[in-house]
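The values are calculated or read from the model by the stated rules, or taken from the named source; none is laboratory data. In this text the structure is predicted, and so the values were computed from the model without any measurement. Using ideal geometry, Cβ is built from the backbone for each residue, glycine included, and neighbour counts are taken over all protein chains shown. Please note that ligands, DNA and RNA were not included when accessible areas were found on the heavy atoms of the full protein model with its side chains. Shrake-Rupley method; radii C 1.70, N 1.55, O 1.52, S 1.80 Å.
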Amino acid sequence: MKIYKIWQIVNYGYDTYSDAVVCAESEYKAKRINPGGFREMGEDDKWYFVYADGEKKLDDDDSWAELKDIKVEYIGEAKEGLEEGILCSSFHAG
């Protein structure tokens, strides 16, 4: 596993995420981690909200960004045993 910084520069309003540090196997997978959690990228490259029971709904939340607007930077190797996901994120509450 690797550690990446992900960020976006198109969505700066209140109640948005600007960036996050994530653990993923690749840059491709890192870009598809939503810093808000409870969301995942579908095969159609759109965000889906994932309910506790596993049900998914197309997400119209504007707190993050579209795939084309997400930037990724490799930071380094993750400690063995660290699982894929969000390590920390920056949310701008309004």
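Go through (1) in a helix (DSSP H, G or I); (2) in contact (Cβ under 8 Å) with a residue 12 or more places away in the chain one by one and return the number of the condition residue 6 breaks. Condition not satisfied by residue 6: (1). Here the condition is being open to solvent by 50 Å² or more (accessible area, probe 1.4 Å) and aromatic (Phe, Trp, Tyr); of 14, 4, it holds for 14 alone. If you go through the range 19-44 and pick out every residue that is closer than 18 Å to residue 59 by Cα and either among the β-branched types (Val, Ile, Thr) or in contact (Cβ under 8 Å) with a residue 60 or more places away in the chain (or both), you end up with 1. Among the residues of the range 53-89, those identified as within 29 Å of residue 14 (Cβ to Cβ), in a strand (DSSP E or B) and open to solvent by less than 40 Å² (accessible area, probe 1.4 Å) are 70, 72, 85. The number of residues in the range 17-46 that are surrounded by 13 or more Cβ atoms within 10 Å (Cβ to Cβ) and modelled with pLDDT of 95 or more comes to 17.
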